[in-house]
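For reference, the structure is listed below as structure tokens.
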Amino acid sequence: MRKPKYRVWDKDSETMVYGVGITPETDGSTPYKIAVSYADYDQFDYYPNGVLMQYTGLKDKNGKMIYEGDICFIQIYDNSGNPSEDESFNTKVVFRKNAFQLVDKDGDTWTEWLTVYKGEDTEVIGNIYENSELLKEGAAE
């Protein structure tokens, strides 16, 4: 079983901080447990004015890890395998109903996209905190 990975958008410094949530034990080992709540991880206390986002466990077509809060470009292909210009759009990654999902600008949810395609036609192009202008180009706000 893999341990969860998190990042935090620190509102105070307006920076994204990766690798938060698990504090190494004094003997150098890393504890592992499934959190009942975010408060169970003491490093989250370092960012009291932060927004926590979890890694989906998937990577985009370029090998970049996909996190909750990422803005992803989705390219749909026609039956011949050619990119369809009418069917490419931005989405944002959300966690709803105990699953990671993609939501487009119309509020449509692409639930199967992450589970079936596993990010292979997905490209992370930013996140909702550092690149909010990308939301205006096609993702849900």
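A short reminder: the numbers here are calculations on the coordinates, not readings from a lab. Owing to the predicted nature of the structure, the values given are computational and were not obtained by experimental measurement. Every residue, glycine as well, gets a Cβ built from its backbone with ideal geometry; the counts of neighbours run over all protein chains shown.
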Next on the checklist: Beyond a 24 Å Cα-Cα separation, which of these cross-linked pairs lie in this structure: K11/K136; K11/K92; K11/K59?
Outcome noted: K11/K59
Next on the checklist: Order these by the 10 Å Cβ neighbour count, fewest first: D70, D108.
Outcome noted: D108, D70
Next on the checklist: Taking amide H atoms as placed 1.01 Å from N in the peptide plane, list the residues 5 or more away in sequence, or in a different chain, whose amide H sits under 5 Å from that of T122.
Outcome noted: K61
Item to check | Gained length - F95 relative to S80, 0.36 nm times residue gap less alpha-carbon distance | outcome: 2.1 nm
